[in-house]
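Only the coordinates and a few stated rules stand behind these numbers; no lab work does. All values derive from a computational prediction rather than experimental measurement. With ideal geometry, Cβ positions are generated from the backbone for all residues, glycine too; neighbour counts draw on all protein chains shown.
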Amino acid sequence: MRARAAPHEHHRTRRDRGAHHRRQQRHSDATARRLAEHGASVVVVARRKDRLHTLVSEIEIAGGTALAVQADITHRDQAERAVQSAVDQFGRLDILINNAGLILLGPVVGANVEEWERMIAINQSGLLYVTHAALPHLLAAAQDELRGVADIVNISSIAGVRPGRTSGSTT
């Protein structure tokens with residue numbers, strides 16, 4: 001028999017949210033590093049400039065090629081600019097990895113609606129804006145002789161597969 005925690009114990013603190021964000025960031029960084037190790041020119045996009053430059057420096061020190069683009073993908077123009085920066089720098093776009101995401105770990109009851117709107121803006125609109133901007137470049141890459149293929153990888157949370165009572169399982 002499994003013990004169940006009292007409802008108040010399911011509420012996550014800001015500290016827990018920070019730990020989740022750091023785990024997600026480590027996975028994103030590891031993906032960028034691994035692609036660079038295999039010879040890909042990597043473009044990393046995020047709102048925080050300091051994090052981007054640290055990651056790009058680490059990739060370059062290891063012998064890889066990377067570009068940092070500061071953008072908030074919840075704004076269509078910034079998502080489009082981020083994709084165009086990649087194409088301008090490297091001449092093409094072969095792979096798009098959508099890994100931006102936000103999860104709200106508190107209970108749905110009493111949750112802040114503005115936080116929900118931010119989560120939807122990142123998890124859904126941001127993904128759509130970046131993908132829409134990237135599609136023409138990916139289709140062109142899939143038709144040329146260099147690779148003959150292009151890829152879109154969407155990374156999401158288990159919360160969408162195993163919904164619960166948290167706000168994060170609603171997107």
Check your understanding: Considering amide H positions built from the backbone, and no H for Pro or chain starts, which residues 5 or more places from Ala71, or on another chain, come under 5 Å of its amide H?
Key -> Ala46, Arg47
Exercise for review: Provide the gained length on full extension for the span Arg34 to Glu114, in nm with one decimal, where the gain is 0.36 nm per separating residue minus the Cα-Cα distance.
Suggested key: 25.2 nm
Check your understanding: Between Ser57 and Ala142, how many nm apart are label points set 7 Å from Cα along the C-beta direction?
Key -> 3.9 nm
